[in-house]
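The structure under discussion appears below in the form of structure tokens.
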Amino acid sequence: MLKGKTALVTGSTSGIGLGVARALAAQGASLMLNGFGEASAIEALRAGLERDFGVTVHYNGADLSKPDGAGGLVRDAEARLGRLDILVNNAGIQHVAPVEEFPLERWDAVIALNLTAVFQGIRAALPGMKTRGWGRIVNIASVHGLVASVNKAAYVAAKHGVLGLTKVVALETAEIDVTCNAICPGWVLTPLVQAQIDARAVREGVSIEQAGRDLLSEKQPSKSFTTPEQLGALAVFLCSPAAANMTGASLTADGGWTAQ
Ligand code: NAD
């Protein structure tokens, strides 16, 4: 369905971004991967996607928390893929602390990657999308774009910002075939969440398995994790003709978290 299209997925060396990149490649899109990791592991990932799906896959390890990191990445994707049709803003980090103990340096780092880089990537990608008259922007936000949790001031502020930005971009592109939507996952078992489960196990003196069960039952009524594969399928849907008139939307995949 996406044969001939090109896509950039930020933070796609792990977790949700990798799930989305695989799903887009499976539909025939050529890719630009981004994110951190061992050079040999990333090369194996890149070559594996090319082999499995018969598409071209590039990699650029830009640090998107740096000024113009996201803009430079988009320009490199356009140069190496020929143009950029699909932009998935996924790279993100977390820091957990009460507001009065939240280090300013961590606040700045979370806002820089989870919000400012999304703005910079979109700003760089839009001119090409507008010129060609087609584009799909998918922002991986969070349930924390819609509701809050304690100790996540920077993350919750950034994700609420991403939903606001998604709506502005949707309005500014409403009359052309460019859409901008957000996906709001609940808990997904990725390295980002595993770190929170591990910290919880230590804090509460329980096993890692028990800490995972406790984490889920606190917020996510389904008591099961959303998977990167499910989120990949949702991103593919947002790039499909069926979603051509969906824009500015925030789609939850949260096991009922925000229904409570
Ligand atoms: P992850 O830690 O598994 O992956 C994050 C990716 O971003 C990795 O590829 C990492 O290398 C990359 N990255 C980190 N810092 C970067 C930087 N400065 N520049 C470029 N790339 C960088 O995390 P994940 O759980 O897959 O999260 C992906 C997105 O989904 C994030 O925006 C996160 O907020 C969001 N999210 C995650 C969950 C969850 O439960 N895991 C829930 C809701 C939303």
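Side notes on the structure shown:
- Cβ pairs under 9 Å, 6+ apart, first in the stretch 177-196 and on the phi < 0 side of the Ramachandran plot, second part of a loop (DSSP other than H, G, I, E, B) and of a type in the set (Asp, Glu): 184/254; 185/254; 186/254; 187/254
- Failed item, numbered, when residue 222 is tested on (1) open to solvent by 30 Å² or more (accessible area, probe 1.4 Å); (2) without any contact (Cβ under 8 Å) to a residue 40 or more places away in the chain; (3) over 24 Å from residue 22 (Cβ atoms): (3)
- Residue 243 surrounded by 17 or more Cβ atoms within 10 Å (Cβ to Cβ) and more than 18 Å from the chain's Cα centre (by Cα): yes
- All positions within the stretch 78-97 that are away from the ligand (no atom under 16 Å from the Cβ), under 19 Å from residue 136 (Cβ atoms), not in a helix (DSSP H, G or I) and not β-branched (Val, Ile, Thr): 82, 83, 84, 85
- Scope the stretch 208-229; condition within 12 Å of the ligand (Cβ to nearest atom) and in a helix (DSSP H, G or I); matching residues: 212, 215, 216, 219, 228
- When 171, 126, 215 are screened for being over 30 Å from residue 241 (Cα atoms) and among the aliphatic types (A, V, I, L, M), only 215 passes.
- Single match in 75, 123, 132, 136 (criterion: at negative phi, away from the ligand (no atom under 12 Å from the Cβ), among the basic types (Lys, Arg) and buried (at least 18 other Cβ atoms within 10 Å of the Cβ)): 136
- Candidate set from the stretch 184-203 (those that are touching a Gly at 6+ places or on another chain (Cβ under 9 Å) and small (Gly, Ala, Ser)); member that is nearest to residue 162 (Cα to Cα): 186
- Any hit, the stretch 25-34, residues being of a type in the set (S, T, N, Q), in a strand (DSSP E or B), under 21 Å from residue 179 (Cβ atoms) and at pLDDT 95 or above: yes
- Residue in the stretch 78-99 that is most open to solvent (accessible area, probe 1.4 Å), counting only those that are of a type in the set (A, V, I, L, M, F, W, C) and within 26 Å of residue 4 (Cβ to Cβ): 79
- The set of residues in the stretch 98-120 being within 15 Å of the ligand (Cβ to nearest atom) and either of a type in the set (D, E, K, R) or on the phi > 0 side of the Ramachandran plot (or both) consists of 105, 106, 108.
- Residue match in the stretch 100-111 (condition: surrounded by fewer than 18 Cβ atoms within 10 Å (Cβ to Cβ) and not in a helix (DSSP H, G or I)): yes
- Annotation note: Cβ proximity below 9 Å between a residue of the stretch 38-60 that is closer than 16 Å to residue 3 by Cα and a residue that is charged (D, E, K, R) and part of a helix (DSSP H, G or I) (sequence gap 6+ or interchain) occurs for 49/22; 52/22; 53/22; 56/50; 56/80; 57/46; 57/50.
- For the stretch 1-25, the candidate set comprises residues that are closer than 17 Å to residue 81 by Cα and more than 13 Å from the ligand (Cβ to nearest atom); within that set, the residue that is surrounded by the fewest Cβ atoms within 10 Å (Cβ to Cβ) is 4.
- The criterion of being over 14 Å from the mean Cα position of the chain (by Cα), open to solvent by 10 Å² or more (accessible area, probe 1.4 Å) and under 28 Å from residue 103 (Cβ atoms) holds for residue 153.
- Scope the stretch 26-37; condition open to solvent by 20 Å² or more (accessible area, probe 1.4 Å) and more than 17 Å from residue 1 (Cβ to Cβ); matching residues: 36, 37
- Qualifying residue in the stretch 59-76 (condition: modelled with pLDDT under 95 and not hydroxyl-bearing (Ser, Thr, Tyr)): yes
The values are calculated or read from the model by the stated rules, or taken from the named source; none is laboratory data. Treat the numbers as computed from the prediction; the structure is a model and nothing was measured. FYI the Cβ positions are ideal-geometry reconstructions off the backbone, even for glycines, and counts take in every protein chain you see. Ligands, DNA and RNA are stripped out before the accessible areas are found, and what is left, the full protein with its side chains, is counted by its heavy atoms. Shrake-Rupley method; radii C 1.70, N 1.55, O 1.52, S 1.80 Å.
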